[in-house]
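One structure is given here, and the rest of the page talks about it.
The values are calculated or read from the model by the stated rules, or taken from the named source; none is laboratory data. All of these numbers come straight from a predicted model, not from anything done at the bench. Cβ placement follows ideal geometry from the backbone for every residue including glycine, while neighbour counts extend to all protein chains displayed. For the accessible areas, the whole protein counts, side chains as well, though only heavy atoms, and no ligand, DNA or RNA atoms are used. Shrake-Rupley method; radii C 1.70, N 1.55, O 1.52, S 1.80 Å.
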Amino acid sequence: MKAVRLVEPGKRLELQEIAIPEVSANDVLVAVKAAGICHSDAHYRAGRSPVHPLPLTLGHEVAGVVEQVGTGVSSVKPGERVCLHYLTTCGECVYCHRGSEQFCQSGSMIGKYRDGGYAEYICIPARSVFSLPDAVPFEQGAILMCSSATSLHAINKSRLKPGESVAIFGVGGLGLSAVQLAQAYGAEVVLAVDINPDKLETAQHFGAVPVNAREVDPVAEIKRLTGGRGVDVALELIGLPLTMQQAVQSLAVLGRAAIAGLTDKTFEIAPYQEVINKEVELIGVADHLAQEIPQLLAWAGSGKLDLSEVISQTIPLEAELINDVLDQLESFGKPLRVVITP
Ligand SMILES: [Zn+2]
Ligand SMILES: [Zn+2]
């Protein structure tokens, strides 16, 4: 089969002809119908985030059709439409038992530590395979499993309650899902903070109040729009020290800032004025949980979560086209999501 793979960090991905994986008892072989190209993939290609063993097929946002199942698999059948949880987990360690399987001691991630979805087929344990509702196209099913799932996890970690106010910093791939999911949770008001007018317009179309951080100080504007209180929940989905600081500063008394954007830089916060005095919380968000996926798929199936405007382009499984998209992601030039349809 064809697979587009990382052979050496810092080099361009290569198309390789490799064997279709063997299906063991608890595995499912899926014919890939859609694989999202994620900003993380640009980090992996550049060598900023480890990928092994090499060469390895990238792609952790995957939907397709079951081709074959192992002898021990009864949860899905050949021909079924599915999407894949990108983490593979043991189900038996202390973290899996506690329902925090993103910390599984023998866990792995497709497209990072085992072959992913930039290929014609992918083999994955049945525990990570979820039935995709007929109403959800493969392309949307694929990107649901990364950006939307992480947005949902961020909202769950923030303990958002109906009637609360939310500010979402960054309304790209994750943020547009977060705007819709926050409303599905019953948020009273959702403020979308970005510097890109197109993204803000799309967020507004989905019901958010836009805050253009290039034109106004977002913290002051959030305070103004919430009658001076600040927001109950702030989600940071960009990964910049400045927006992390703004997320904390925009909180109301007892507010929670959930941070999902990645950076290795530090940011400053005044402990007394901005944290202690208001009893605010700063919460880390890592990946998401298998138990969150059925809710996500139900909302996608019913239209409460609509990703049709998030996907900007589909491309075939060709190394150079994929490399070009990764180049554009490197320069933050790609507005929304590109999906490979092998
Ligand atoms: Zn992703
Ligand atoms: Zn485990």
Counted residues, segment 92-106 - those being closer than 14 Å to His288 by Cα, open to solvent by less than 40 Å² (accessible area, probe 1.4 Å) and near ligand 2 (Cβ under 8 Å from one of its atoms): 3
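How many of the residues making up segment 283-307 are in contact with a Pro (Cβ under 8 Å, 6 or more places away or on another chain) and open to solvent by 20 Å² or more (accessible area, probe 1.4 Å)? Walk me through how you get there before you give the answer.
Within segment 283-307, the first condition is being in contact with a Pro (Cβ under 8 Å, 6 or more places away or on another chain), and the residues that meet it are 297-298, 300-301.
Subset that is open to solvent by 20 Å² or more (accessible area, probe 1.4 Å): 298, 301.
The total comes to 2.
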Where Asn212 falls short, out of the listed (1) polar (S, T, N, Q); (2) open to solvent by less than 30 Å² (accessible area, probe 1.4 Å); (3) under 19 Å from Glu279 (Cβ atoms); (4) without any contact (Cβ under 8 Å) to a residue 40 or more places away in the chain: (3)
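Please determine, by comparing only the residues of segment 227-253 that are in a strand (DSSP E or B) and among the β-branched types (Val, Ile, Thr), which one is surrounded by the most Cβ atoms within 10 Å (Cβ to Cβ).
Step one: list which residues in segment 227-253 are in a strand (DSSP E or B), which gives 231-236, 251-253.
Imposing the further condition that a residue be among the β-branched types (Val, Ile, Thr) reduces the set to 231, 233, 253.
Working: Val231: 26, Val233: 29, Val253: 11.
Out of the qualifying residues, it is Val233.
Does segment 63-70 contain at least one residue that is within 15 Å of ligand 1 (Cβ to nearest atom) and open to solvent by less than 20 Å² (accessible area, probe 1.4 Å)? Give the derivation first.
Here is the first cut: in segment 63-70, the ones within 15 Å of ligand 1 (Cβ to nearest atom) are 63.
Restricting the remaining residues to those that are open to solvent by less than 20 Å² (accessible area, probe 1.4 Å) gives 63.
Yes, some residue in segment 63-70 is within 15 Å of ligand 1 (Cβ to nearest atom) and open to solvent by less than 20 Å² (accessible area, probe 1.4 Å).
Please specify each residue of segment 90-121 satisfying the condition of being among the polar types (S, T, N, Q) and either within 21 Å of the chain's Cα centre (by Cα) or modelled with pLDDT of 95 or more (or both). Show your work before the answer.
So in segment 90-121, the residues among the polar types (S, T, N, Q) come out as 100, 102, 105-106, 108.
Within segment 90-121, Ser100, Gln102, Ser108 meet the criteria.
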Sole exception among (1) within 16 Å of ligand 1 (Cβ to nearest atom); (2) touching a residue at least 40 places away in the same chain (Cβ under 8 Å); (3) under 23 Å from Val285 (Cα atoms) for Tyr118, by number: (3)
Lone qualifier among Ile143, Ile168, Ile155, Ile124 - being more than 28 Å from Ser250 (Cα to Cα) and under 15 Å from the mean Cα position of the chain (by Cα): Ile143
Candidates Ala34, Ala19, Ala42, Ala25 - the one that is at pLDDT 95 or above and under 28 Å from Ala286 (Cβ atoms): Ala34
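Inside segment 254-298, can you point out the residues that are within 25 Å of Cys96 (Cβ to Cβ) and in a helix (DSSP H, G or I)?
So in segment 254-298, the residues within 25 Å of Cys96 (Cβ to Cβ) come out as 258-260, 262, 283-298.
Listed by number, the residues that qualify are Ala290, Gln291, Glu292, Ile293, Pro294, Gln295, Leu296, Leu297, Ala298.
Going by the conditions given, is His52 surrounded by fewer than 23 Cβ atoms within 10 Å (Cβ to Cβ) and away from ligand 1 (no atom under 16 Å from the Cβ)?
Yes, satisfied.
Is it the case that Val189 is open to solvent by less than 10 Å² (accessible area, probe 1.4 Å) and farther than 17 Å from Ala290 by Cβ?
Numbers: open to solvent by less than 10 Å² (accessible area, probe 1.4 Å): no; farther than 17 Å from Ala290 by Cβ: yes.
For Val189, the condition - open to solvent by less than 10 Å² (accessible area, probe 1.4 Å) and farther than 17 Å from Ala290 by Cβ - is not met.
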